[in-house]
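Only one structure is covered here, and it is reproduced in the block below.
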Amino acid sequence: MGPFERRVEGRCTRCVAARLRAWAATPEAPVRREPQDRGPKPRRLRRPPLQWPRRSEPQPRREPEYAGLRRTEPWPPVARPGQPPLPAQPPRNPWPTRAKWAGAAVAALVLIALTATASLRVWTPASSRFMRIDDGPVTYQYVSLDHVSRYVVASVIAHEDDQMGLRAQAFHWGDYADRARAHLTGAPQQTYSTIPQQLAKNMFFTPDQSAIRKAVETVPSILLSSTLPDARIMELYLNYAQFGPDLYGVCAASWYYFDTAPWEMYPYHAMQLAGMLPNPEDVVRLPGGGVAAPAYAQYPSAAFHINGAANVDLPARFAGWGGWENIVASVGIEDSAADHADDRPSEDSCSTMPEPVRQRLAVEDPGFVSRSQ
């Protein structure tokens with residue numbers, strides 16, 4: 001035995017191996033079993049090691065800004081006794097939220113206004129703002145534009161707004177600026193309100209002559225002009241225009257002053273009706289029929305407008321246009337009232353004297369009513 005074998009006292013590797021071989025050769029040695037083939041072992045996925053961020057220097061622990069506060073405490077939070085003061089919070093700017101809500105409100109109002117004005121294509125309100133604020137009994141009856149004499153339509157256009165069919169908008173902004181400047185300086189006006197502006201005033205406003213009303217009036221007039229054709233605007237205007245004290249619409253006016261239907265008006269009478277529009281409160285009916293101005297009317301009186309329109313102004317304008325046919329054609333009217341004679345009598349043709357007119361004449365001129373019957 002070598003020195004290593006002697007040092008371990010007989011426990012060297014060769015001695016142990018010899019003893020194991022001898023023990024295995026004995027008959028009492030257990031039988032070694034071969035391992036069973038159970039298939040390949042499942043592959044175990046190895047998780048990559050966590051990579052913690054490396055910091056060049058240790059960072060102090062940050063405490064939450066509002067540590068120790070309960071949700072039930074008021075806002076903004078206040079530091080408790082013994083705690084450091086809380087950082088100041090900048091004030092919240094409310095204007096973005098207000099601007100958003102204001103924009104939504106304006107958009108909703110514009111949508112409602114467009115829907116309301118567009119509905120006037122097929123819907124005619126039973127009354128206007130002027131009628132509702134009138135103190136006396138209102139004399140009025142609706143008539144379709146198909147049953148209104150084209151002399152009346154041409155006279156009203158030529159007298160009130162001869163550029164209506166030639167404009168793309170409700171009015172010219174230059175004329176509007178001139179009227180505003182004249183109103184502020186007290187100078188005489190060189191231009192006047194257009195038919196869309198007058199229609200908006202009659203339907204939605206009052207006769208007040210304030211600058212605020214005239215400014216607000218532009219919005220519905222623009223909406224009416226942009227959503228309705230010119231012929232429909234003329235139909236609404238002729239039905240809501242005032243032709244005398246408590247007298248509204250061309251249907252009631254034609255029967256009240258001239259005892260005739262609006263579709264058979266003479267040109268001279270049509271021009272007189274157009275001359276009533278600037279001063280309708282200063283017009284009275286003559287006994288037996290006709291138009292006159294009361295003695296209390298101030299200059300420019302109703303008689304000045306009526307006689308000037310029927311005798312001088314409108315005949316000259318008709319000649320300048322080449323006839324009344326061209327005037328009504330400028331607003332898209334190509335037919336005449338006689339083309340709709342088969343529709344009479346109908347509810348909207350005004351073929352007979354309206355009952356409000358009959359009741360009014362029974363008080364003012366009973367003899368005329370008996371003769372007309």
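Would you mind counting up the charge near ILE327? Only other residues with Cβ under 10 Å from its Cβ, with Lys and Arg at +1 and Asp and Glu at -1.
Combined, the nearby Lys, Arg, Asp and Glu give 0.
How much solvent-accessible surface does TYR176 expose, in Å² to the nearest 10, with a 1.4 Å probe and all protein chains in place?
Roll a 1.4 Å probe over it and TYR176 shows about 50 Å².
Run the 1.4 Å probe and let me know the accessible area of ASP246, rounded to the nearest 10 Å².
Solvent-accessible area, nearest 10 Å²: 40 Å².
When Lys and Arg each count +1 and Asp and Glu each count -1, what net charge do the other residues less than 14 Å away from VAL284, Cβ to Cβ, add up to?
-3
In what order, largest first, do LYS201, LYS41 sit by accessible area if the probe radius is 1.4 Å?
LYS41, LYS201
Find the percent of Cα-Cα distances in segment 76-190 that exceed 19 Å, and round it to a whole number.
78
Ordering ARG129, ARG360, ARG92, ARG213 by how much accessible area each has at a 1.4 Å probe, largest first, what is the list?
These residues rank, largest area first, as ARG92, ARG129, ARG360, ARG213.
At GLU281 and ARG47, where each label point lies 7 Å from the Cα along Cα→Cβ, what is the point-to-point distance in nanometres?
For GLU281 paired with ARG47, the spin-label model returns 9.3 nm.
Work out the FRET efficiency for ARG213 and ALA118 from their Cβ-Cβ distance, taking R0 = 25 Å, and round it to the nearest 0.05.
E between ARG213 and ALA118, to the nearest 0.05, is 0.55.
Rg (Å, one decimal) plus Dmax (Å, integer) for the alpha carbons of segment 178-309?
Reported Rg and Dmax, both Å: 15.8, 45.
From the protein chains alone at 1.4 Å, what is the descending order of accessible area for VAL291, VAL156, VAL284, largest first?
Heavy-atom accessible area, descending, gives VAL284, VAL291, VAL156.
Kirkwood Rh and Cα-based Rg: tell me the resulting Rg over Rh for segment 275-341, rounded to two decimals.
1.10
Would you mind listing how long segment 223-289 runs along its three principal axes, going by Cα atoms, in whole Å with the largest first?
Sorted from largest, the Cα extents of segment 223-289 read 43, 25, 17 Å.
Just in segment 297-360: which GluC sites (Glu not before Pro) are loop by DSSP and have at most 16 other Cβ atoms within 10 Å?
Passing both the DSSP loop test and the Cβ count: GLU334, GLU347.
Quick check: pseudo-label points 7 Å beyond the Cα along Cα→Cβ at ARG80 and THR352, how many nm apart are they?
Each label point lies 7 Å from its Cα, and together they span 9.2 nm.
Could you tell me the accessible area of PHE204 in Å² (1.4 Å probe, neighbours in place), rounded to the nearest ten?
Rounded to the nearest 10, the figure is 90 Å².
The values are calculated or read from the model by the stated rules, or taken from the named source; none is laboratory data. Note that this is a predicted model, so its numbers are computed, not measured. Here the Cβ is made from the backbone with ideal geometry for all residues, glycine too, and neighbour counts use every protein chain on show. The protein model used for the area step is the full one, side chains on, heavy atoms only, and it has no ligands, DNA or RNA in it. Shrake-Rupley method; radii C 1.70, N 1.55, O 1.52, S 1.80 Å.
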